[in-house]
1. Hey, can you tell me all the residues within region 361-380 that are touching a helix residue (DSSP H, G or I) at 6+ places or on another chain (Cβ under 9 Å) and farther than 22 Å from residue 71 by Cα?
2. Given the residues 412, 434, which is the only one that is more than 21 Å from the chain's Cα centre (by Cα), surrounded by fewer than 24 Cβ atoms within 10 Å (Cβ to Cβ) and under 25 Å from residue 42 (Cα atoms)?
3. Taking strands (runs of 3 or more DSSP E) that do not extend beyond region 154-265, which have at least 1 residues that are assigned by TED's automatic domain parsing to the domain that holds residue 314?
4. Just checking, how many residues over region 266-288 are surrounded by fewer than 14 Cβ atoms within 10 Å (Cβ to Cβ) and either under 31 Å from the mean Cα position of the chain (by Cα) or not in a strand (DSSP E or B) (or both)?
5. Would you check if residue 288 is modelled with pLDDT of 95 or more and in contact with a helix residue (DSSP H, G or I) (Cβ under 6 Å, 6 or more places away or on another chain)?
6. From the list 247, 146, which residue is in contact with a helix residue (DSSP H, G or I) (Cβ under 9 Å, 6 or more places away or on another chain) and closer than 21 Å to residue 452 by Cα?
7. Search region 469-497 for residues being closer than 17 Å to residue 53 by Cβ and under 23 Å from the mean Cα position of the chain (by Cα), and hand back the single one that is surrounded by the fewest Cβ atoms within 10 Å (Cβ to Cβ).
8. Out of all the residues in region 45-72, which are crowded, with 21+ Cβ neighbours inside 10 Å and in a helix (DSSP H, G or I)?
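The values are calculated or read from the model by the stated rules, or taken from the named source; none is laboratory data. No experiment lies behind these values; they were computed from the predicted model shown. Heads up, the Cβs are rebuilt from the backbone with ideal geometry, glycines too, and the neighbour counts pull from every protein chain shown.
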């Protein structure tokens, strides 16, 4: 609707006299706004006050679906209500319901050409799977299951819609160095859970429906762990109930592999295998009630473009009578977002609202497999993903990595250059201008065996081609222990790192043009 000529004239006169609309979300001056006026409202004292409550014993470790987590989400909601920051959902609803279930370890029976193999002895499921029975004849042996610039087991083979069977480890040169790197140090492909995860991701991208990893040692480890949990009554893993069943993952014995093909493990190259596999999977699940917490400041000029600032609200709960408070992981990120939101709200109330919209996203069930963020990105995004400019994810920014003692003014940045050159450059420039923190990219290496790029909620945005930055202080002796408590937080560092995220979000929200994606999401 057009303004009347009279009203427009009055507004022009008011602006020329230097007055401003305190409750407006639009900028009332053509002069650039100094964000430090609002960034400096982020203080260690306020962060400390909030964290002492959020990571207190009262919240009982904030385990997904448990009473302590319910206290946590209500705390977050009331904070936004008190600030006058709205929800992007209807009315007073700040909770995005996330449908979860505690799924027991599937009991798996597999037969090869009619011969049945035992669960926990020859095969164990290493992922979640719903009750089902199916048979396949399309089986492909893919060697070590590696896809790398220097080496690939997938040359000239098609595994889409097929079952892939691979062996553990990776090939070596005659001099003992690894083919993928030419070095003697173990790589991300070498062995263990991390290598299994990398190889699984390759099979997923290639379109396989199941992956069987031949690894006697890992099979024994999984079987012993799972059988122990079953006997103790603690069996189960939390899964998203709304998410389609993904690739089926199994660890199998060498005996199982030989039944598929007697010389399987000594084959020199990938090949199609002539065998029939029948899977009989039985699974039990119990529904769990949980939710993400969402709040929102609408952009003044480009409201359809969204900046997402995220952290996970959950932690490990209570184990053996001890409360896992999760002060750093991720109480630090949770309260950081609250302070960032308050700073943006003060700017908006002064007429300096962000040009783009800001979504403050506190996700549940990160500790259970990034499930809350997966629900948001893969199942029910509140805003279209194509309109999401970037995700700034905060997970552990209140402590010091023991490797950095004596050099404390740092933060690890992961992912900033994976998808967008502009985002990385913007991040560097903002830091130089406002924060002067050492930005350490140690864990940004694609071959980092820790896989941190894949282990926090930003990854669910990145895999959808949304540029991300993950802010992280590294692990410490209290990581995932009951000793991760509030008195060990370095509150001055928490303040500085939180301000850095705010200034980065400010620039992303207010720059003239949206940052561009200029890199391949699968090959950063």
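1. 374, 377, 378
2. Every option except 434 fails the conditions.
3. Ranges flagged: none.
4. Result for region 266-288: 6.
5. no
6. Only one candidate passes the filter, namely 146.
7. If we take residues in region 469-497 being closer than 17 Å to residue 53 by Cβ and under 23 Å from the mean Cα position of the chain (by Cα), then 485 is surrounded by the fewest Cβ atoms within 10 Å (Cβ to Cβ).
8. Within region 45-72, 47, 51, 54, 59, 61, 62, 68, 69, 72 meet the criteria.
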